[in-house]
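We did not get these values from a lab; they are worked out from the coordinates using the rules stated. None of these values were measured; they are calculated from a predicted model. So basically every Cβ, Gly included, is an ideal-geometry build from the backbone, and we count neighbours across all protein chains shown.
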């Protein structure tokens with residue numbers, strides 16, 4: 001297999017929060033299984049704990065996906081690490097922990113898979129702390145020579161601006177959603193930041209729009225398609241990658 005995830009044939013199978021349809025999202029079990037079933041990419045979400053550890057979790061709070069409660073950025077990682085992040089999905093996953101980003105990177109950095117690191121909007125510090133999360137990400141990626149297999153994305157476009165200020169090598173994906181401006185505005189930002197991709201919802205998307213974005217030099221990655229019907233729709237659009245909770249289902253449609 002080509003060890004350069006950015007050069008894999010499209011559409012990429014992007015395991016959304018890991019193999020999250022079958023395993024508890026954003027856990028090591030979910031990421032390991034995404035590797036096992038041959039996903040091209042793993043997507044995960046990050047935010048800081050109160051003691052500035054980079055925590056892999058989607059929500060701002062522990063409430064939905066663990067047996068604990070509380071706002072992640074107000075809790076130290078020692079407390080967060082004690083939470084059970086598996087039982088809510090199924091009792092057989094009891095004891096799954098919320099990992100740090102470094103644990104996930106250690107798992108995947110020697111494997112033939114890409115990592116899409118989504119910086120949650122809550123991780124952005126308008127007045128930067130001593131070492132803002134973007135600086136930590138760039139420092140680690142540079143030190144470990146991982147730019148060739150890492151895509152940074154965020155709905156917080158200011159975070160992407162900061163990443164670009166820190167590195168010309170970082171590949172950036174501009175996330176577009178209900179709280180952001182349109183894909184046309186994202187296109188303008190894409191030119192300014194020399195971004196890699198526009199990451200947007202497949203809802204309401206058509207082949208013409210996909211082609212317009214691609215013709216401007218950007219990849220199109222769409223979220224989150226899960227049923228066979230949805231996945232076939234995404235594949236038919238001609239996009240470059242699909243975020244899915246069921247990567248094995250998508251892989252089977254492509255083989």
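With each label modelled as a point 7 angstrom along the Cα→C-beta vector, the residue 139-residue 207 pair spans 4.9 nm. Counting 0.36 nm for each residue step from residue 51 to residue 216 and taking away their Cα separation leaves a gain of 55.3 nm. Distance from the Cα centroid of segment 105-158 to that of segment 1-59 is 13 Å (rounded to whole angstrom). Say each of residue 79 and residue 232 gets a label point 7 Å from the Cα, pointing the same way as Cα to Cβ; how far apart are those two points in nm? With each label point 7 Å from Cα toward Cβ, the separation is 4.9 nm.
Using every pair of distinct Cα positions in segment 5-254, the Kirkwood expression returns a hydrodynamic radius of 18.2 angstrom. Overall, the ratio between the Cα radius of gyration of segment 144-255 and 2.2 N^0.38 Å, rounded to two decimals, is 1.08. Here the simple spin-label model places points 7 Å from the Cα toward Cβ, and for residue 87 and residue 179 these points are separated by 3.0 nm. Just so you know, the averaged projected area of the alpha carbon convex hull for segment 17-86 sits at 4.3 nm². Relative contact order for the chain: 20 percent, from Cα pairs under 8 Å spaced at least 6 residues apart, divided by residue count. Taking the fewest neighbouring Cβ atoms within 10 Å as the starting point, the ordered list for 117, 161 is 161, 117.
Within the listed set 26, 245, 112, the Gaussian network model of the chain (springs between alpha-carbon atoms below 10 Å) gives the highest mean-square fluctuation for 112. Panel order for 162, 17, 32, 64, by other beta carbons found within 10 Å of each beta carbon, from fewest to most: 64, 32, 162, 17. With neighbours defined as other Cβ atoms within 10 Å of a residue's Cβ, the residues 184, 28, 250 order from fewest to most as 184, 28, 250.
For segment 165-243, the relative contact order comes to 25 percent (Cα pairs under 8 Å, sequence separation of at least 6).
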